[in-house]
Amino acid sequence: MPDGLTLNKIIAQKGISIGEAAKRVADLGWTPSYVQEAMTFPTDYKIKKAPRDPMKQVLRSYFPMQEEKDNRVYGALDAALRGDMFRNVQPRWVEWMKLFLAIIPFPEISAARSMAMVARLAPGEELRTGFAMQMVDEFRHSTIQMNLKKWYMENYIDPAGFDITEAAFGRCYATTIGRQFAEGFVTGDAITSANVYLTVVAETAFTNTLFVAMPSEAARNGDYALPTVFLSVQSDESRHIGNGHSLLMSLINDPDNHLLLERDLRYAFWQNHAIVDAAIGTFIEYGTTDRDKKKESYAELWHRWIYEDYYRTYMLPLEKYGIKIHHDDVSAAWDRIVKKNYVHATAQFFSVGWPVNFWRIEAQTEKDFEWFEHKYPGWYAEYGDYWKWYKKLSVPGETNILFNTETGYVYPHRCWSCMVPALIREDFCYDEVDGKIYTYCSEVCRWTHKVAFAAEYEGRPTPAMGRFSGRREWETCYDGWDLADAIKDLGFVRPDGETLVPQPHLIFDDSKMWKLEHVRGHTLGSPLIHFRSLSPEGREQAAAEYRKGFKINPCP
Amino acid sequence: MSATGEQAPAVHSGAAGAAQFAGWDSRKFNYFEPKGRKASHYEDMTVDVQPDPKRYLLQDWIISFADGTPTYSESWTKAKSSDWHRFRAVDQEWERTHYQRQSTIVGMLNNVVENGRRSGAPKRFDRAWIKVLADHLGAFKHAEFGLGVATMQAQRYGYSQMINNAILTNSSYKLRFAQDLTLYLSEIGLDIEGIDQAAGKQHWLEDPIWQGTRHAVEAIMGADDYLEQYFATNVIFEPLVAELFRSGFIMQMAAAQNDFMTPAVVSSAEGDFERNLANAVELFHTLAIDEKYGDHNRGLMQAWAGRHGKFALDAAHQLQPIWSQPRVKVAQFNDALEAAKNRVRAIASEIGFDVRAAIGG
């Protein structure tokens, strides 16, 4: 064979360029003249400029590319089973996947739905293919994650919690936090939700901690499946980031949009921080057994991905367009993680509430204590006794930690805005909206509910903006219920009708597992209902007391 | 592990079966009724991912639109259902099967186009046929795109994950095919001198032959009821106009014009339609036989068929002159239209509503 002759050269024939293909495909659209297009999801933004397509990919190259990615994912799952991955996987880690994978498929598919909203609003058809690909990507993510969950259920030692996953998603207090994320992508002002909240902030910033940092921790715990699936998912995100940025650029040159952009970037950044850092921070820091002091802590990961990568290189450059960036919020979020123990307080809350979870949480041990103290100096003084109590009270027959008054823990108020409880006690606040009192974890969450999600913003009518609704405080749903009855109603009981799905340990032995009888006799209550029942002076006094925080008693 | 008392036997594996305890063998999703004896993989991937306050959504939808409409609302269609979660897509698609199928089609098209071009096939197309392809297949690609846009919009509104995902894959197929036609015409254009790439859009926008079709497509895009969009797309427009043109014209005529490539390209859309149609028939059938709302739904479908049937029949009749344009005439418009009408009658019969008023008995 002559030098340099390849099969590609033999079979190659002239084709059209990628740019030309994208241009012709974009020309498929037209402006209807016989019938106006269907009701568009509303927005208060003005979009005059057609967004550009940064990727210039067409569907015929997209589908084979995705199929190839899938082949790698499913091949790796098969290989993991053949390599007996589950023999060496850390149950402490997989248990948290019961929560994570219950949440994430709905936000993913919501992102697919949101593509209908932005595709209809965006002028021109150049970005249509980008939106269409993202729509199918999100369909991919939602169902590939359901597949992973099923795979864990079939192969992991304790399937309880995986088997009820979508029912649990609808009922658990923790999954509601994830639903705030998902509904935020598709409800209210279409640009606020589907562009700023979803693509500009959630996908551009926080998927890095979700889909890059978390898989690394999974691998450290013997779980090679999660990285395989989620790094493949993350490889689609660059397209979504491109879509979001392109639409943002078509809005940003119109000064009329600046006030709303400032509002939405502020709301979206803070709420993404509050939700994602609470959940993913806990999974990474408390779901791991790897205590290598050389590895990055969640705080260090956050600094790399959110502060350096997103804030400095994505958010700050928006200032040159005249958008006010709330630098103070970024600093405040950082302080909440490194100075105010946001992640540690969240993990503490998840574990206090273990009887109403649908996964197991085991106690942190001496080895964990040492790592936490190394990464977060002062941690042991704050949380050491708590985790000793947790371990002590993990035995059936003890009063469960949620109702055990010996520990000194004070059950928190829930934030009406981000739905995470008000765990940083000194930042707790409350306010009246439409004649009712609501509680919040922070000033920005109070602002989000009262000021941002309203019919007017700084004197400008915002008729398209959404509203918070529903029974947002989970505890309201079970106010006055016996704990055992609430757990039954939640469906968090194993097939024997007695043993709880959640357990405060990783002992796979019936004789050590908690049953309904062990938790009966305690009445759940709603902090919000109680707080609203107080007089104004009483509320002020209760708030002052709450802000003082609590001290965990020494564990004997 | 426990702080006090007797230590449990240590388990050294996280694998299924390493220990037996309450729930150790509960290895199936247990929160929905499978359609068959056992849940299909599609059902496991799909059912209940979009929650519903009537099922497990304890705290209700937690964000609403300004007027109080929740994140998902049953009021987004005039159709009514006793159980929106009963429907299962017949094609059972989830992401893996969707990519496999789309990718297989792309591979088939690439082979046809590459090998056809390598053999010099486009140069041997009849000259009159080349103009038909440029003008009319070029115009038709916009109709396919319009259906893709309409279904992309519609997939936001459905009240269950099964409905929305079926509409989503429908959109994906339509948008891919619109692009397939665009790129196919561009590529054979490299081998055929003088083929006008802009002619298709011009005909779509201005040629009286295509204005009925454009009107029908815009009526679907403009419908404010997502199930009306899905119904009009698959039950009315596809058989009466799209299939009429694809099967009744292109696929029957092409071979006689020395063109073996175009039918292969267009055949992919016929395969797509069979699946989209099967899903749509299943959904509308469940609504037509709904124990509580069947009468209402059948009436609604008749109304939809009346409205969109009129647009589609007008469109079909306006396309008639195209059948005269190829040099070698091997198919008759009237035969094709009659076959299309029969197809709609058969579909309506499967769904269970009366379509006679819309297209005749």
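Taking H placed 1.01 Å from N in the peptide plane, check which residues at least 5 places from A:Val493 or on another chain put their amide H under 5 Å from its amide H.
Amide H neighbours of A:Val493, under 5 Å, 5+ apart: A:Val501.
Can you pull the semi-axes for the protein assembly as shown, root of five times each eigenvalue of the Cα gyration tensor, sorted largest first, whole Å?
52, 29, 28
Using 23 Å as the Cα-Cα cut-off, could you pick out the over-long pairs in A:Lys69/A:Lys150; A:Lys295/A:Lys339; A:Lys450/B:Lys78; B:Lys131/B:Lys341?
A:Lys450/B:Lys78; B:Lys131/B:Lys341
Taking the mean number of other Cβ atoms within 10 Å as a proxy for protection, how do you rank A:289-301, B:313-325 from highest to lowest?
Going from most to least packed, we get B:313-325, A:289-301.
If every alpha-carbon in segment B:95-359 counts as one equal scatterer, what log10 I(q)/I(0) does Debye give at q = 0.07, 0.09, 0.11, 0.17 1/Å?
At q = 0.07, 0.09, 0.11, 0.17 Å⁻¹ the computed log10 ratios are -0.24, -0.39, -0.58, -1.33.
Quick check for me: using +1 on Lys/Arg Cβ and -1 on Asp/Glu Cβ, what's the dipole size of segment A:54-213 about its Cα centre, in debye to the nearest 20?
60
Within 10 Å of each Cβ in peptide A:506-515, how many partner chain Cβ atoms are there on average? Round it to a whole number, please.
Counting Cβ atoms of other protein chains within 10 Å of each residue's Cβ and averaging gives 6.
How high is the relative contact order of segment A:59-477, given as a whole-number percent (alpha carbon pairs under 8 Å, six or more residues apart)? Before the final figure, lay out the partial values.
Numbers: 508 pairs, mean separation 70.1, N = 419.
Relative contact order of segment A:59-477: 17 percent.
So if I place +1 on the C-beta of Lys and Arg and -1 on the C-beta of Asp and Glu, and nothing else carries charge, what would the dipole magnitude of the protein assembly as shown be about its Cα centre? I want it in debye, nearest 20.
Using Cβ point charges on Lys, Arg, Asp and Glu, the protein assembly as shown gives about 1200 debye.
Classify segment A:59-477 as rounded, prolate or oblate, taking a ≥ b ≥ c as the square roots of the eigenvalues of its Cα gyration tensor: rounded when a/c is under 1.5, otherwise prolate if a/b is larger than b/c and oblate if not.
Numbers: a/c = 1.71, a/b = 1.18, b/c = 1.45.
Because a/c hits 1.5 or more and a/b fails to exceed b/c, segment A:59-477 counts as oblate.
Lys/Arg Cβ at +1, Asp/Glu Cβ at -1, dipole of chain A taken about the Cα centre: which of A:Ile10, A:Tyr386, A:Ile252 is farthest positive-ward?
Sorting the options by dipole projection puts first A:Ile10.
Report the relative contact order of segment A:210-328, percent, no decimals, based on alpha-carbon pairs under 8 angstrom and at least 6 residues apart.
Relative contact order for segment A:210-328 comes out at 33 percent.
Taking the Cα centre of segment A:512-556 as the origin and placing charges on Cβ (Lys, Arg +1; Asp, Glu -1), which of A:Ser526, A:Ala544, A:Trp514 is farthest toward the positive end of the dipole?
Of the candidates, A:Trp514 comes out farthest on the positive side.
Any chance you could give the angle, 0 to 90 degrees and rounded to 10, that helix B:294-319 forms with the longest Cα principal axis of chain B?
For helix B:294-319, the angle is close to 30 degrees.
Order these peptides, A:8-16, A:542-550, B:180-188, by their mean beta-carbon neighbour count within 10 angstrom, highest first.
With the highest mean Cβ count within 10 Å placed first, the list reads B:180-188, A:542-550, A:8-16.
Per-residue mean of other chain beta-carbon atoms within 10 angstrom of the beta-carbon, peptide B:63-76?
Numbers: counts 17, 9, 10, 13, 3, 2, 3, 4, 14, 5, 0, 0, 0, 1.
Mean partner shielding for this stretch: 6.
Quick one: helix A:258-272 against the long Cα principal axis of chain A, what's the angle to the nearest 10°, folded into 0 to 90?
Once rounded, the angle reads 50 degrees.
Assuming R0 = 25 Å, what is the FRET efficiency of A:Asp496 and B:Thr97, from their Cβ-Cβ distance, to the nearest 0.05?
The value I calculate is 0.10.
Across peptide B:179-189, how many C-beta atoms of other chains are within 10 Å of each residue C-beta, on average?
Across B:179-189, the average partner-chain Cβ count within 10 Å equals 4.
Of B:Leu109, B:Tyr230, B:Ala128, whose Cα points farthest to the positive end of the dipole of segment B:95-359 (charges on the beta-carbon: +1 Lys, Arg; -1 Asp, Glu; origin at the Cα centre)?
B:Ala128
What spacing in nm lies between the two simple spin-label points modelled at A:Asp309 and A:Ser511, each 7 Å away from Cα in the Cβ direction?
4.9
Quick one: angle between helix A:59-82 and the longest Cα principal axis of chain A, in degrees between 0 and 90, rounded to 10, please.
Roughly 40 degrees, rounded to the nearest 10.
If each residue of separation counts as 0.36 nm, what is the full-extension length gain between B:Glu338 and B:Ile289 once their alpha-carbon separation is subtracted?
Full extension of this stretch gives 14.8 nm more.
What does the highest-first list of A:464-475, A:49-60, B:32-43, B:284-295 look like by mean Cβ count within 10 Å? Each step should come with its number before you reach the end.
Working: A:464-475: 20.9, A:49-60: 19.3, B:32-43: 13.7, B:284-295: 17.1.
So the peptides A:464-475, A:49-60, B:32-43, B:284-295, ranked by packing, come out A:464-475, A:49-60, B:284-295, B:32-43.
Short version: ³J(HN,Hα) in whole Hz for each residue of segment A:430-442, in order, from phi by Karplus 6.51 cos²θ - 1.76 cosθ + 1.60 (θ = phi - 60°), x for Gly and Pro, what are they?
9, 7, 10, 10, 6, x, 10, 8, 10, 10, 9, 7, 6
Using the Karplus curve 6.51 cos²θ - 1.76 cosθ + 1.60 with θ = phi - 60°, what ³J(HN,Hα) values do you get for each residue of segment A:510-520, in whole Hz, with x for Gly and Pro?
3, 5, 9, 9, 6, 10, 3, 4, 6, 10, 6
Quote the charge dipole size of chain B about the Cα centre in Debye, to the nearest 20; the model charges only the Cβ of Lys and Arg (+1) and of Asp and Glu (-1). Write down the numbers at each step before the final one.
Numbers: 37 positive and 44 negative charges, 126 e Å.
It comes to approximately 600 debye.
Report the extension gain between A:Thr523 and A:Ala12 in nm, rounded to one decimal, defined as 0.36 nm multiplied by the number of residues separating them, less their alpha carbon distance.
On the way: separation 511, 0.36 × 511 = 183.96 nm, distance 7.44 nm.
Extending this stretch completely gives an extra 176.5 nm.
Laboratory data are not the source of any read-out in this text; all were calculated from the coordinates shown. A quick note: this is a predicted structure, and the numbers were derived from the prediction, not measured. Positions of Cβ are backbone-derived with ideal geometry, glycine not excepted, and every protein chain shown enters the neighbour counts.
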